[in-house]
Structures are given as C-alpha cells and as structure tokens.
Amino acid sequence: MKNNKVFEQLTKLATEQRNPASMNIDAMSVEEALAVINTEDHKIAGIVQKEIPYIAKAVEIVTDTLRRNGRLIYVGAGTSGRLGVLDAVECPPTFGTDPATIMGIIAGGEKAMFKAQEGAEDSKENGAADIKALDVGPTDVVCGIAASLRTPYVIGAVQEAKNRKARTLFITTNSRDVLYSQEFNELSSVVDVAICPDVGPEVIMGSTRMKSGTAQKMVLNMITTTAMIQLGKIYENMMIDLQMTNKKLRERAKRIVMIATGVGYEEAEEALRKGGGHVKTALVMIKAGVNESEARRRLKQAGGSVRLAIENRTKDQ
C-alpha cells in the first residue's frame, strides 16, 4: 500500500473504529437499534464531565476576551462547523450579545450550513484565509472544533489565529493522548486549551454527527452559558439580557420580572416600559426601589451584574 497520511491518521482515531455494541445493528429490530444508540448516548454526559477542568479554563479565556470587547470565533467543518454556528447565532437572542462578538465560520461558507460541502474541509489555506478576512488579533479567541482532530481547514485557521497572537481553544472527541502525539504536533503546539471528551467508537463507524456531535454541543453550551453567567447576563437562573424581538420573548421578559420580583403582570409591563425594554434595568428598579437612571448607574458600576446592582456594590467589592 502506498504511503497515505490521511488513511494512517484515521486508523489512530477512536471515532473511526468499529463499536462492538453495534456490530450487528443492521440485523436488529428497530427498537433494538434504538436501544443501542440510546445506551451509547447515555455515556456522553459522564465523558464530558471529565473535561470540566479544561472547559473551566476555556470559560475563563472566553469571559476575559468578551469583557475586553474581543470576539469568540468558532471554526469547524461539517457537523462541527454547524454546531459552532448554531451556538454563535443563539447568543444574541438569548444573552443580548452583539452578533459580531460571537460568530461561527464553517468550511465552505454559508451554503455549507444547508448542503454538505465535503471537499471544503481539505484546505488549510482556506481556513487561514477566513481568519485573515476577519482580521483576527490579540484581543480575540478562536475555538477550533473538529471531532477527528485532523481537519485541515480547522488546523489552518487555528494556526493562523495563533500567528496573529489570538488565544486558541480546540474541541475534539478523540483523546488528549492522540492530540498531543507527534502525529498532531502541528495542531497541539498552537492550542492554548484543548477540550477532549473521548467518546469512543460511534454507533455507525465514523459518523461523528452522533456521539461526537452530542458531546460537542454539550461543551459549547457549557462554555457560552457559563461565560454569560460570569458577565452578569443571568440573574438567579434566568436569562435577563434577552432581546425582546418577538411576542414570545416580550412575554418571557414580563414573566422573568414577575418571578424575580413578585410583582403582577401590569407592574412588570410598566417597569419594562420605563426601563426601555431592558429587563436588567426593570429588575433593579423594582428590587432596589430606584428610578430608571439610578438603576442604569448601578448596573454600570456593577459591571452589568443585577445582583450587585441591587446591593449597590461594584464588581470588585
């Protein structure tokens, strides 16, 4: 057999191996096949749990980056890229972030979100070019997402980000030992924090939209949600920087104010009106018994934290 680097890399990846539990899945009944898939999926939460120390480091970097008005940029191909884009586009309506602050780029561009552009992932140069086009710099953090580790587009993007002095994260569903082996040194050498939930063989060999996709989605949820908590966009366990862009979100905002303060529907509606539709301002107005301008002053002083603003404390106190 001719020397084939890609073939050799695939033989070393857990996600490219056969899963003993599903060897005969093509001969199983529908319910038996579903039970195998479900049993394998049950393992993912525990696998992700082992990566919490590394996820915590990523959260610290992302929080610091956003606090300094930098950007979080996800980079991926195929399922991994789509998950990055999904997490990014959900942040503005959920947390009130600027769409330019958290973004996702996918090999093959926007059309790859809806139709597979499989060859697009094979170019390191295209990954680097997309990072250059965004003018990534030292204030930004770039998070590569690649279940298989070896995706050239993602490696090229992360390398270019590091060349530009950006901080770098990497999420893969293969083991940390493989990432830090000589085989993948070109990648590991430019990664500040690696998150490696080792999901093992997929139910269908190589189908990383399955367990790998589930693990990646969980990790992305954890990173952005916890970073937003640190940035004061959550009060108790409620979204308080949501944008009231549709009827559902307007009514959710009123309900949040009612739950957090104990006021009735009309009073919550009035507080939101006086607060310019800003849930945080309405909460501080009611909970601290202050007017709109004082509520906004306290929020600024508290770095956006409703809890601290109610107590009239700064972030550092």
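Restriction of the trypsin sites (Lys or Arg not before Pro) in region 12-57 to DSSP coil positions whose beta-carbon has at most 10 other beta-carbons within 10 angstrom yields no sites. Descending by average beta-carbon neighbour count within 10 Å, the peptides 124-136, 181-193 line up as 124-136, 181-193, the highest first. Ordering Ile171, Gly78, Gln243 by Cα displacement along the dipole of the chain toward the positive end leaves Gln243 in first place; charges were set at the Cβ atoms of Lys, Arg (+1) and Asp, Glu (-1). Which entries in Lys5/Lys165; Lys132/Lys165; Lys132/Lys300; Lys5/Lys115; Lys111/Lys132; Lys57/Lys233 show an alpha-carbon gap greater than 24 Å? In this structure, Lys5/Lys165; Lys132/Lys300; Lys5/Lys115 lie more than 24 Å apart at Cα. Between Ile259 and Tyr180, the modelled labels are 4.1 nm apart [label points 7 Å from Cα along Cα→Cβ]. Remark on Val75: its backbone amide H falls under 5 Å from those of Ile105, Cys143, Gly144, Ile145, a criterion applied only to residues 5 or more positions apart or on other chains, H modelled at 1.01 Å from N. Phi angles of region 183-191 translate, via the Karplus equation with coefficients 6.51, -1.76, 1.60 and θ = phi - 60°, into HN-Hα couplings of 4, 10, 4, 4, 8, 4, 6, 10, 9 Hz per residue; Gly and Pro are given as x. The separation of region 1-41 from region 239-317, counted between C-alpha centres, amounts to 50 Å.
The relative contact order of the chain comes to 19 percent, based on Cα pairs under 8 Å that sit 6 or more residues apart. With the highest mean first, a sort of the peptides 298-310, 90-102 on other beta-carbon atoms found within 10 angstrom per residue produces 298-310, 90-102. Each helix, a run of at least 4 DSSP H residues, gives -39500 (n - 2.57); summed and divided by the residues of the chain, these come to -15000 deg cm²/dmol at 222 nm. Checking (1) 21.3; (2) 19.6; (3) 20.1 against the coordinates, the calculated Kirkwood radius over Cα pairs in Å falls under label (1).
3J(HN,Hα) along region 50-58: 5, 9, 4, x, 7, 4, 4, 5, 5 Hz, from the Karplus curve 6.51 cos²θ - 1.76 cosθ + 1.60 with θ = phi - 60°, whole Hz, x for Gly and Pro.
Every number here is computed from the coordinates shown, using simple stated rules; none is lab data. All figures in this text were calculated on a predicted structure; none of them were measured in a lab. Cβ atoms come from the backbone with ideal geometry, glycine included; neighbour counts cover every protein chain shown.
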